[in-house]
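Undergrad: First the structure, which I've put down as structure tokens, then a few questions once you've had a look.
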RNA sequence: GCGAGAGUAGCUCAGUGGUAGAGCUCCACGUUGCCAACGUGGUUGUCGAGGGUUCGAAUCCCUUCUCUCGCUCCA
């Protein structure tokens, strides 16, 4: 795969997602709602598979440190609604909203608190709003946190927020985890869950939505070691994304400039992906932030609680520094959809060779037909194995196929299909990315072998039913 | 929130004031001994929603919602 190949337009992927049940627009029958998406039968399976892979790579089988020993990370699932003081301490209540002023005449927007710093776009010699034809709106709040009210009575006292990031739930429980789980520095707390941001402009399918899912891990370490761990997690996170089957040239690191750093952050590097809507530039997939001691210091002050750490060996007291790899799970789904989508030319009968990637903009050559195949890594594919009787009007084939299906479904997410010609059934599975097809024919009844058909090569091999599960187990782990 | 474009079947789209359409998909039956085969039949729409003009609106007007792009924003 070369870097310069034409990327599939996002619309094509959106259509496939709808058509095959990956992702639907939320509340579609009521006209939809801007910035919200529903994950269909295949979408939720794909999302869960990514989620579980992250959890396994972070919590259950965390990476090895420089001594070859696993680092220590524990899991957490904190509530979405928290004491609103948490968001004051975190800086989100004060800093997450900026009053903005629009000029109706020149279609420009200014931060109300910095109005005097802007020049009028049409008359640069004057300040914004100072020109006689300027037509400014009242300052408007752009608070990116969703508000709600806890309890039956709506009042300022009952006001609360849907979390705009999962991270704060981790900081709020940092002391609980220290006090109850015998962890020692350095260690991490990982969490996967929904977060909500009232984005001004939801865009690009699920890339920027108002309700999304994050996979975040806060790594607590000694300040002197923070740079080392920043490098460590940078490497590990890139390694993980590549392990999902994302092409190397589609992922880059991008260091944040000093002026784009968040209020809490000392340094930040993004893992970026070559999305079809950002190409030739890359767009954010994960942020790895050096949060310093900002959060624990803030919560320590606001909650009047000692959140510093005493080293059990040296008795040194300090506030740990935090390295935060924060990924978008739902962005991960989008990346894998973009990455997996492939149009191919497949030789017809009598033409030599296997499938090859279609050249964008060119029509299918003579002797070939086209197919769409989602090339998910087998372990992430929503459906692992499809089981078919070669013919549906032969009861003995159907019965045997049902038997094989019932066996395999105990190990993997399987799909049974007897409708239509066998070729059509293979292609249907290609379009949802099912890595393997198992077909039962008359030979199966005679010698207990089946056809195992490979999604990517379209090659078929005969395999004994006794060995089928073993074969699949090996291949589906990749 | 501003500006521009768009919204018709599950998907892609045609239809400029006079009976709601095509291709693909999907379903059933038949056929079919391994790659979107074929035959026959069939399902699917408040033409995004609401209001107006008109004898009559998918079509013209207004409002609104949603999508796309550009601003703005993006912790």
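Undergrad: Cα axis of helix A:395-408 to longest principal axis of chain A: angle in degrees, 0 to 90, nearest 10?
TA: Taking the Cα atoms of chain A, the angle to A:395-408 is about 40 degrees.
Undergrad: Give me the number: length gained by fully extending residue A:316 to residue A:456, i.e. 0.36 nm times residue separation minus the C-alpha to C-alpha distance, one decimal in nm. Please list the in-between numbers first.
TA: On the way: separation 140, 0.36 × 140 = 50.40 nm, distance 5.68 nm.
Length gained, residue A:316 through residue A:456: 44.7 nm.
Undergrad: Note the full-extension length gain between residue A:303 and residue A:360 as 0.36 nm times their separation in residues minus their Cα-Cα distance, in nm to one decimal. Please list the in-between numbers first.
TA: Details: separation 57, 0.36 × 57 = 20.52 nm, distance 5.81 nm.
Value of the extension gain: 14.7 nm.
Undergrad: Using only helices, what value at 222 nm comes out for chain A when you add -39,500 (n - 2.57) per DSSP H run of length 4 or more and divide by the total residues, to the nearest 500 deg cm²/dmol? Spell out each step's value before the answer.
TA: On the way: 13 runs with 131 residues, N = 478.
Only helices count here, giving -8000 deg cm²/dmol.
Undergrad: What FRET efficiency do you get for residue A:182 and residue A:159 if R0 is 60 Å and r is their Cβ-Cβ distance, rounded to the nearest 0.05?
TA: On the way: r = 38 Å, r/R0 = 0.63.
The formula returns an efficiency of 0.95 here.
Undergrad: Largest first, please: the extent of the C-alpha atoms of chain A along each principal axis, to the nearest Å.
TA: Per principal axis, max minus min of the Cα coordinates gives 81, 68, 49 Å.
Undergrad: Using a cut-off of under 12 Å, list every residue of the stretch A:247-281 whose amide N is near the label point 7 Å from the Cα of residue A:12 along the Cα-to-beta-carbon line.
TA: What the label zone holds, given the 12 Å backbone N cut-off, is A:276.
Undergrad: R0 = 35 Å: FRET efficiency of residue A:394 with residue A:348, Cβ-based, nearest 0.05? Write out the running numbers ahead of the final one.
TA: Details: r = 27 Å, r/R0 = 0.77.
So, using R0 = 35 Å, E works out to roughly 0.85.
Undergrad: Need the C-alpha centroid separation for the stretch A:376-390 versus the stretch A:295-319, integer Å.
TA: 50
Undergrad: Which of the peptides A:365-373, A:82-90, A:146-154 is most tightly packed, and how do the rest follow, judged by the mean count of other Cβ atoms within 10 Å per residue?
TA: On the way: A:365-373: 15.3, A:82-90: 18.1, A:146-154: 11.3.
Result, highest mean first: A:82-90, A:365-373, A:146-154.
Undergrad: Using a cut-off of under 20 Å, list every residue of the stretch A:175-205 whose amide N is near the label point 7 Å from the Cα of residue A:224 along the Cα-to-beta-carbon line.
TA: Of the residues in the stretch A:175-205, A:184-187 have backbone N under 20 Å from the label point off residue A:224.
Undergrad: So the label point goes 7 Å from the Cα of residue A:200 along Cα→C-beta, right? Which residues of the stretch A:11-53 then have their backbone N under 20 Å from it?
TA: A:34-36
Undergrad: Another question about this same structure. Which FRET efficiency value, to the nearest 0.05, is calculated for residue A:235 and residue A:369 with the Förster distance at 60 angstrom and r the Cβ-Cβ distance? Kindly include the intermediate steps, with their values, before the conclusion.
TA: Details: r = 43 Å, r/R0 = 0.72.
With R0 = 60 Å, the Cβ-Cβ based efficiency is 0.90.
Undergrad: So how tilted is helix A:465-476 from the main axis of chain A? Cα-based, degrees 0 to 90, rounded to 10.
TA: Helix A:465-476 sits at roughly 30 degrees to that axis.
Undergrad: Could I get the Rg over Rh figure for the stretch A:380-476? Both from C-alpha atoms, Rh via Kirkwood, rounded to two places.
TA: Values: Rg = 12.0 Å, Rh = 13.1 Å.
Rg/Rh for the stretch A:380-476 comes to 0.92.
Coordinate-derived values only; no laboratory data. Given the structure is predicted, the values throughout are model-derived calculations rather than measurements. With ideal geometry, Cβ positions are generated from the backbone for all residues, glycine too; neighbour counts draw on all protein chains shown.
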